[in-house]
1. Quantify, in whole percent, the carbon and sulfur part of the accessible surface of the range 135-210 (1.4 Å probe; protein heavy atoms only).
2. Check every DSSP H run in the chain and write down those whose alpha carbon atoms cover 20 angstrom or more along the long axis and whose mean Kyte-Doolittle hydropathy is -1.0 or greater.
3. Specify the residue with the greatest mean-square fluctuation among L158, L142, L60, computed from a Gaussian network of the chain linking alpha-carbon atoms under 10 Å apart.
4. Which shape class, rounded, prolate or oblate, goes with the range 221-274 when its Cα gyration tensor gives a ≥ b ≥ c as root eigenvalues, a/c under 1.5 marks rounded, and past that a/b bigger than b/c marks prolate?
5. Which semi-axes, in whole Å and largest first, does the equivalent ellipsoid of the range 32-72 have when worked out from the alpha carbon gyration tensor as the square roots of 5 times its eigenvalues?
6. Could you state, as a whole-number percent, how many of the C-alpha pairs of the chain are farther apart than 31 Å?
7. Taking only the alpha-carbon atoms of the range 137-257, what semi-axes of the equivalent ellipsoid follow from 5 times the gyration tensor eigenvalues under a square root, in whole Å, largest first?
8. What FRET efficiency comes out for the pair A167/A38, r = Cβ-Cβ distance, R0 = 41 Å, nearest 0.05?
Amino acid sequence: MGAEASASASGASQPRAAPTSSSSRRPMVPPRPPGRSARAEKFSRLLAEPAVDVGGLRDLLWSGAPEDDPGARAEAWQILLGYLPPVRDRQAQGVAKKRDEYEELRRRHYPGSDGVAGDVAPDSAGTLKQIQVDIPRTSPGLPLFGHSRMQKLMERVLYVWSVRHPASGYVQGINDLVTPFVVVLLAAELRVPLEDLDVDTVDERVLDAVEAGAYWCLAKVLSDIQDHYTAGQPGIQVMVQKLREIVRRIDEKLYRHLEQQGLDFLQFSFRWMNCLLLREFPLPCVIRLWDTYIAESTEGFSTFHVYVCAVFLIYWSPQLKQMDFQQLMLFMQKLPTGRWRAQEIETLLAEAFVLKSLFHQSPKHLAVSSR
């Protein structure tokens, strides 16, 4: 979704440097370890500072975390979401305090290791049951989330969050939102490919650390979009309306075609807003997308997400204009993105950034015409 385009400019040829002595040819910075990317080095240097420059971290993460250093992404996410203090000397104490706080919340609210609904308050029993129904359906293509230990971890996170936020409570779709945090934090803890992971071998302390981190990161994201999940889901309604108006402005032919076929934007884009595109992309693409959303501060999962959805819809415009209502519905329910990789996401992000630059500071462009 929104990706910062890095422009490489080739200037005029520079004058040849004056000859230097052999003693002045030392490298300005230490050479990076073999096989480590330049991007990983940039993250490493920034994150190693005594006090991390949060603005600089946002700028760096916007264009994506390095794939060869899972720890960099996890640390960047946790700092920008407020779980990990940016001052290094305070990090160990700060994280320990947050983990203890989560452990207390879990002890107080979660009914026990067996998750028996009879152990919970009657008004929460239905919530727990719904979570237990939804979790096996979460990311069914990833064996990691089919393991009972991971399912229990997610169950606890979702249930504790729902009890702590009664104004919204648990809504189907929130179960999807916890998965990027689990994957990113677990990859950072273990430093091994998760596709080959034997979950039975993972130390319980590692899973406890991942669980606490996932809870607090999820809580922060949801706090910024809480009106997505309150009664009537007004936040989602507003986002769908914004999407409708952006598309009308930049691809009116597609807008009119959908209108003529009787396809309302809410019918296909509600899920895009409710699940933040987690059901439309492979998980690695979503994680790259969330690099940018998290870097966008409080508006990443709301304002910027709408522009990403607009670009995503218009990407399919040539095909969509040839379809009738039934074909449109079938196509939109299962978009052919299974083979998408980071390159496609980078393109969507760059175009969404341009759209936001054009429209977001001029809301009158998105005003609904009364004529």
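The values are calculated or read from the model by the stated rules, or taken from the named source; none is laboratory data. Only a predicted model underlies this, so the values are computations on that prediction, with no experimental measurement involved. Neighbour counts run over all protein chains shown; Cβ positions are idealised from the backbone, glycine included. Accessible surface areas use protein heavy atoms only, side chains included; no ligands, DNA or RNA. Shrake-Rupley method; radii C 1.70, N 1.55, O 1.52, S 1.80 Å.
1. Details: 1650 of 3250 Å².
Of the solvent-accessible surface of the range 135-210, carbon and sulfur hold 51 percent.
2. Details: long enough: 88-109 (32 Å, -2.39); 148-164 (24 Å, -0.25); 204-224 (31 Å, 0.38); 234-250 (24 Å, 0.11); 342-359 (25 Å, 0.86).
Once both thresholds are applied, what remains is 148-164, 204-224, 234-250, 342-359.
3. L142
4. On the way: a/c = 3.33, a/b = 2.17, b/c = 1.54.
Prolate is the answer for the range 221-274, as a/c is 1.5 or above and a/b outweighs b/c.
5. Semi-axes from the Cα gyration tensor: 17, 12, 7 Å.
6. Values: 28585 of 68635 pairs.
When all Cα pairs of the chain are counted, 42 percent exceed 31 Å.
7. Output for the range 137-257: semi-axes of 33, 19, 12 Å.
8. Values: r = 45 Å, r/R0 = 1.11.
Efficiency at R0 = 41 Å is approximately 0.35.
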